[in-house]
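Down below is the structure, laid out as structure tokens.
The values are calculated or read from the model by the stated rules, or taken from the named source; none is laboratory data. All values derive from a computational prediction rather than experimental measurement. Cβ coordinates were reconstructed from backbone atoms using ideal geometry, including for glycine residues, and neighbour counts include every protein chain displayed. Note: accessible area is taken over every heavy atom of the protein model, side chains too, but ligands, DNA and RNA are not part of it. Shrake-Rupley method; radii C 1.70, N 1.55, O 1.52, S 1.80 Å.
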Amino acid sequence: MASLDNQLYIDSVEFSYTDSVPVLTGVHIQCDIGEIVGLLGRNGCGKSTLLKIIFGIIKPKNAFIRINNKKYNKGYLSKNICYLPQHNFLPNYLHIDEIIKLMVKDSSKQNALLEQDEIISKIRNQKVADLSGGEKRYVELMVLLQQDADFYLLDEPFSGVAPYMQVQIQQIILTHSKDKGFIISDHHYHSVLAITTRIVLLQNGGCRKIESKKDLEMFYVPEGTFDE
């Protein structure tokens, strides 16, 4: 059993946009350091809402959030959790080297990104506005991963990203999962499934544990989607 000191634990999440239309009704999800948890579900089921509630952007009707055995009303108050939003957050007018120096405080980490990272070193003199969707996502994720946090909530990290950059992002997540925990939500479920250690399906307001490809086909994707 994993230690509570290395765990992101969320339970009893309830949320609705109106009193008559509940979106989340008692959601439970957890992530240990070393895990990559895939959060799947159909459009409008509340995946992004759940991640925002965990981080603390949206106020739920009810939620129990525990990070490394300490309870928080908002995840970001722990200073131990990072959130990659669905939409790009880097200012378009800044150059990449400015972004790195602004958002990465450790000088050795700055230099490693600017000089040694194969992708960032090639685009360091470009403005954010001039990057491809995949390059923007790559830089955003790399900046976040330099922060001192144990847990990462990634909302659509593969959306609008070319296949080559999807692979690069997958490799980054796998590399950092040795000492961090990830919850990833994305419509590109094949990219998620390729790296997850565990899958949960958000459905009818709650989370269902997925044990096999057969379960996933039954509850989420069309039959025959996966090759045997």
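Might you let me know whether the stretch 106-128 holds any residue that is open to solvent by 40 Å² or more (accessible area, probe 1.4 Å) and in contact (Cβ under 8 Å) with a residue 40 or more places away in the chain? Yes, there is a match, as at least one residue in the stretch 106-128 is open to solvent by 40 Å² or more (accessible area, probe 1.4 Å) and in contact (Cβ under 8 Å) with a residue 40 or more places away in the chain.
Only a single criterion out of (1) of a type in the set (Val, Ile, Thr); (2) closer than 13 Å to residue 183 by Cα; (3) touching a Gly at 6+ places or on another chain (Cβ under 8 Å) is not satisfied by residue 29, namely (3). In the stretch 176-195, of all residues being buried (at least 22 other Cβ atoms within 10 Å of the Cβ) and among the β-branched types (Val, Ile, Thr), the one that is farthest from residue 85 (Cα to Cα) corresponds to 192.
Filtered by the rule that a residue be of a type in the set (D, E, K, R) and either loosely packed, with under 13 Cβ neighbours inside 10 Å or in contact with a strand residue (DSSP E or B) (Cβ under 8 Å, 6 or more places away or on another chain) (or both), the stretch 89-105 gives a lone residue, 105.
Quick grid of which residues meet (1) within 17 Å of the chain's Cα centre (by Cα); (2) at pLDDT 95 or above; (3) closer than 25 Å to residue 17 by Cα:
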{"residue": "34", "(1), (2), (3)": "yes, yes, no"}
{"residue": "40", "(1), (2), (3)": "yes, no, yes"}
{"residue": "44", "(1), (2), (3)": "no, no, yes"}
{"residue": "56", "(1), (2), (3)": "yes, yes, yes"}
{"residue": "75", "(1), (2), (3)": "yes, yes, yes"}
{"residue": "104", "(1), (2), (3)": "no, no, no"}
{"residue": "107", "(1), (2), (3)": "no, no, no"}
{"residue": "118", "(1), (2), (3)": "no, no, no"}
{"residue": "127", "(1), (2), (3)": "no, yes, no"}
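Residues that are open to solvent by 50 Å² or more (accessible area, probe 1.4 Å) and at positive phi within the stretch 30-88 comprise 44, 69, 79, listed in sequence order.
To keep it simple, each residue is scored yes or no on (1) closer than 18 Å to residue 89 by Cα; (2) touching a Leu at 6+ places or on another chain (Cβ under 7 Å).
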| residue | (1), (2) |
| --- | --- |
| 155 | yes, yes |
| 160 | yes, no |
| 163 | no, no |
| 169 | yes, yes |
| 173 | no, no |
| 178 | no, no |
| 186 | yes, no |
| 194 | no, no |
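How about the stretch 157-175: which of its residues are open to solvent by less than 10 Å² (accessible area, probe 1.4 Å) and farther than 16 Å from residue 136 by Cβ? If the condition is that a residue be open to solvent by less than 10 Å² (accessible area, probe 1.4 Å) and farther than 16 Å from residue 136 by Cβ, then 173 is the only one that fits.
Regarding residue 10, is this residue open to solvent by less than 10 Å² (accessible area, probe 1.4 Å) and either touching a residue at least 12 places away in the same chain (Cβ under 8 Å) or in contact with a Cys (Cβ under 9 Å, 6 or more places away or on another chain) (or both)? Considered against the rule, which asks whether it is open to solvent by less than 10 Å² (accessible area, probe 1.4 Å) and either touching a residue at least 12 places away in the same chain (Cβ under 8 Å) or in contact with a Cys (Cβ under 9 Å, 6 or more places away or on another chain) (or both), residue 10 comes out as yes. Listed by first and then second residue, the pairs with beta-carbon distance under 6 Å, at least 6 apart or on different chains, first residue in the stretch 81-101 and more than 30 Å from residue 71 (Cα to Cα), second part of a strand (DSSP E or B), are 95/127.
Residues that are assigned to a loop (DSSP other than H, G, I, E, B) and closer than 23 Å to residue 53 by Cβ within the stretch 149-176 comprise 149, 150, 156, 157, 158, 159, listed in sequence order. The set of residues from the stretch 200-209 being open to solvent by 30 Å² or more (accessible area, probe 1.4 Å) and within 17 Å of the chain's Cα centre (by Cα) comprises just one member, 207.
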